[in-house]
Amino acid sequence: TDAPASICRASQRGDARVRYFRQPTNIGIAPNHNFVIDVARGELFKSASHDDLYARDLLERCVEALDAHPEAVLAHSWSALIDDTGAVIHLVDYPVATSSPRAPDRFRSMLFDGWGDDEGGVVRLAVLRRTALHGSYHFADRTFTAELGLHGPFHIIPERLYFRRHHQGQAGKRHDVRERCALLDPVRGNRLRHPALRLYGEYPWSLARAVASAPLTPAERRECYAVLARWTATRALPVAVRVLARRGLTSGPETMQGSPALSLEGVVAGRKG
């Protein structure tokens, strides 16, 4: 609604580093992300959603972290959820051991301990291009970050510098698996070629492929496969019940109570203070 094409073209005219691409048709979120990764130039890459907010120094801090920690493949910060007005409504925990030096430990933690907002981190482009990139099946974003974690540790800044927008109508709040996947890639809307079981089944299968292609020792690979087998066994029954019952997904609380003691004033550029 704010004429993004004209804004991008104006930025392009004012800065030779800015390049603007527009697809002739809507190819979906996942193919578009992969296209941008393919045409990107430079050492580092970061995807950005149109409605999230960053602290002024988020990118600077992430780049400094990657320079200081050459073993790290991704840098990001703790995060918080904000509503339509920019008010903080939830402080997001980060329980994942993505900084562990061992790939099997990182993999186990990412499967069993929860997830952060790592997909929006600053990534080494060379490492990113060695992965399968973005898929369009159920929870493909989790495979994306889990595969990156198999290539190296993450560096997470222990401050809330990233503010993810949480509002009604966004893609992540749609409960129907097919609807979500079709937003990622319109071809997923075809029920004959992409039945619900396939949309779910590609998730563990993609994790197995990630383990197979990651730069691991034979012992690490066996350990990761054992972790994946244990995780798959815990998920098989709930997924089967959901598919057979055609039950929708839950995507977290619709509203979050309480007022976290964190303000964006003075933290995010453009906010007064």
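Structure summary
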quantity	calculated
Selected residue (criterion: modelled with the lowest pLDDT) from residues of the range 201-230 that are more than 25 Å from Arg129 (Cβ to Cβ) and open to solvent by 20 Å² or more (accessible area, probe 1.4 Å)	Gly201
Single match in Ala30, Ala87, Ala48 (criterion: modelled with pLDDT of 95 or more and either open to solvent by less than 20 Å² (accessible area, probe 1.4 Å) or hydrophobic (A, V, I, L, M, F, W, C) (or both))	Ala30
Single residue of the range 179-200 satisfying the filter (over 15 Å from Gly135 (Cβ atoms) and among the small types (Gly, Ala, Ser)) that is surrounded by the most Cβ atoms within 10 Å (Cβ to Cβ)	Ala196
Residue match in the range 109-126 (condition: of a type in the set (S, T, N, Q), surrounded by fewer than 22 Cβ atoms within 10 Å (Cβ to Cβ) and farther than 23 Å from Arg235 by Cα)	no
Matching residues, the range 33-45, being open to solvent by less than 30 Å² (accessible area, probe 1.4 Å) and part of a helix (DSSP H, G or I)	Ile37
Out of Ser136, Ser100, sole residue that is open to solvent by less than 40 Å² (accessible area, probe 1.4 Å) and under 13 Å from the mean Cα position of the chain (by Cα)	Ser136
Residue tally, condition touching a Pro at 6+ places or on another chain (Cβ under 9 Å) and not in a helix (DSSP H, G or I), over the range 173-203	1
Candidate set: the range 1-27, residues that are in a helix (DSSP H, G or I) and under 25 Å from the mean Cα position of the chain (by Cα); chosen: the one modelled with the lowest pLDDT	Pro4
Criterion violated by Glu64 - all others in (1) touching a strand residue (DSSP E or B) at 6+ places or on another chain (Cβ under 9 Å); (2) closer than 25 Å to Ala140 by Cβ; (3) open to solvent by 80 Å² or more (accessible area, probe 1.4 Å) satisfied	(2)
Of all residues in the range 86-131 being β-branched (Val, Ile, Thr) and part of a strand (DSSP E or B), the one that is nearest to Leu228 (Cα to Cα)	Val123
Which numbered condition Thr143 misses (of (1) more than 21 Å from Cys62 (Cα to Cα); (2) in contact with a strand residue (DSSP E or B) (Cβ under 9 Å, 6 or more places away or on another chain))	(2)
Selection count, the range 70-84, where residues are assigned to a loop (DSSP other than H, G, I, E, B) and buried (at least 20 other Cβ atoms within 10 Å of the Cβ)	2
Ser11 more than 29 Å from Leu216 (Cβ to Cβ), open to solvent by 30 Å² or more (accessible area, probe 1.4 Å) and of a type outside the set (A, V, I, L, M)	yes
Inter-residue pairs, beta-carbon under 9 Å, first closer than 18 Å to Ile157 by Cα and of a type outside the set (A, V, I, L, M, F, W, C) and in the range 43-60, second part of a loop (DSSP other than H, G, I, E, B) and open to solvent by 70 Å² or more (accessible area, probe 1.4 Å), 6+ apart	Tyr54/Ala48
Phe163 of a type in the set (Phe, Trp, Tyr), open to solvent by less than 20 Å² (accessible area, probe 1.4 Å) and within 21 Å of Phe35 (Cβ to Cβ)	no
Selection count, the range 14-27, where residues are touching a residue at least 24 places away in the same chain (Cβ under 8 Å) and surrounded by 11 or more Cβ atoms within 10 Å (Cβ to Cβ)	1
Complete set of residues in the range 1-30 that are among the β-branched types (Val, Ile, Thr) and within 25 Å of Glu179 (Cα to Cα)	Thr1, Thr25, Ile27, Ile29
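The values are calculated or read from the model by the stated rules, or taken from the named source; none is laboratory data. Predicted model only: the values in this text are computed from it and were never measured. Reconstructed Cβ throughout: ideal geometry from the backbone, glycine too, with neighbour counts over all protein chains shown. Only protein heavy atoms, including side chains, enter the accessible area calculation; ligands, DNA and RNA are left aside. Shrake-Rupley method; radii C 1.70, N 1.55, O 1.52, S 1.80 Å.
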